[in-house]
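See structure below.
The values are calculated or read from the model by the stated rules, or taken from the named source; none is laboratory data. Because the structure is predicted, anything quoted here is derived from the model rather than measured. Note that we place each Cβ from the backbone using ideal geometry, even for glycine, and neighbour counts take in every protein chain shown.
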Amino acid sequence: MLEAAGIYFDGVSAAKHHVDVRLDEATGYLSFEGQSIGAPQHWRLEELRLLADQPSGGWLTFTRHISGDDEMLRHEARLSLRDGVLNARLREFAPRLHKRDVNKGAGLRIVKLMGGAFAAVALMLFVILPAMADTLARFMPRDREEQFGQVVIKQISWFVSRDSDADLSCKNDAGLAALAKMEARLTANIDMEYELNIQVFDHPMVNAFAAPGGQIVIMRGLIDEAKGADAVAGVLAHEIGHVEHRDSTRNALRAAGSAGLISMVLGDFSGGALAAILAEQMLDASYTREAEAEADKFALEALRNAGVSGTGFASFFDYLLEQQSAALELPFYFMSHPPSQERADKARAFAQKQTATSSVLSAADWKALQGVCD
């Protein structure tokens, strides 16, 4: 029977107990006793486990894995030995020293913890953040909102170009002048709350979106696919409606909060993932049915006041629905503003009731707008 001196920690207090240790190979027990620990302790060799984090200086520290209701408490107790002969014998006769055990019920506890974590994230994403976004959108100062919108535009520019230095803004003077004429005609009879900053990005994506603070971007692909200037005007009026109702600000705040939360959950604090998530969510951000209906109503009223037929707006819905029915790759505008036959029919019925309309742009101005990125 081998004997040695050791140090015992009971796992309950911080006290260090000096003990006398005996190895009984015949019975398969490691026993120890000391004046400060009360009754002698008897650990079965098959219960011994080496701690993963071992001290230096020739010491070996063991813990004990047993079954029972007090498993976790007893698992924290540990015994340290420095005797080379005894430690060598323990390595030889203790069969499970290097086994890594999972305590009873640990799997269920992990599932419960993960479920709680997912529930907390879902609560933040779908309840708390939307409510916060709505409140912040109402009280955000206009100058801060404009600055936020400019940041959002930069994030989206980076996302679609994958180049932080790229400038996607189209610069053709004649095309920009035509776009300004379209804006002026659509807003001439509206008491606007925002000063608009409308840009065209040189990208084939069929999309247009509003950002906070009066920022609106039309992708070149939308102009290329439009059947005429009035179709672009309908889409632009719809996006102006989102700006005026601050829908874009609420969506951007919600996307920024969601992106930040998701980025933290995924462990990316560099900002790259956050920027990508924010940009993608803004491009695909779906408005509520009520927000879409209000933006449509705003667009049709703007077209009425400007004397522009709603037929072009209806034709754009027709284009999107054709892409859907043909199972083609859907334009991004479809994702963020899902069309319906009902919306197309409303625009067409509106147009049938109009009188004395004219195209929003002359043929020459429409040609100039089509070449805005040349």
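Quick notes on this structure:
- From the list Glu329, Glu322, the one residue that fits, being among the acidic types (Asp, Glu), at pLDDT below 80 and within 28 Å of Ala211 (Cα to Cα), is Glu329.
- For the stretch 55-67, the criterion of being more than 21 Å from Phe9 (Cβ to Cβ) and either in the same structural domain as Ala252 (by TED's automatic domain parsing) or at pLDDT below 85 (or both) is met by at least one residue.
- Residue within the stretch 211-228 that is farther than 16 Å from Cys170 by Cβ, out of contact with any Asp or Glu (no Cβ under 7 Å at 6 or more places or on another chain) and modelled with pLDDT of 95 or more present: yes
- Selection from the stretch 188-209 of residues that are outside any strand (DSSP E or B) and within 22 Å of Phe317 (Cα to Cα): His203, Pro204, Met205, Val206, Asn207
- From the options Glu244, Glu290, Glu239, Glu301, residue that is closer than 28 Å to Asp374 by Cβ and modelled with pLDDT of 85 or more: Glu239
- Of Ile198, Ile218, all but one fail to be buried (at least 23 other Cβ atoms within 10 Å of the Cβ) and either under 20 Å from Asp247 (Cβ atoms) or hydroxyl-bearing (Ser, Thr, Tyr) (or both); the exception is Ile218.
- Note on the stretch 221-238: residues that are among the acidic types (Asp, Glu) and surrounded by fewer than 24 Cβ atoms within 10 Å (Cβ to Cβ) total 2.
- Condition met for Ala52 (in a loop (DSSP other than H, G, I, E, B) and either at pLDDT below 90 or loosely packed, with under 15 Cβ neighbours inside 10 Å (or both)): yes
- Residue count for the stretch 68-88, restricted to those that are surrounded by 15 or more Cβ atoms within 10 Å (Cβ to Cβ) and at pLDDT 75 or above: 9.
- Count of residues meeting criterion [assigned to a loop (DSSP other than H, G, I, E, B), of a type in the set (D, E, K, R) and surrounded by 15 or more Cβ atoms within 10 Å (Cβ to Cβ)] in the stretch 1-49: 1
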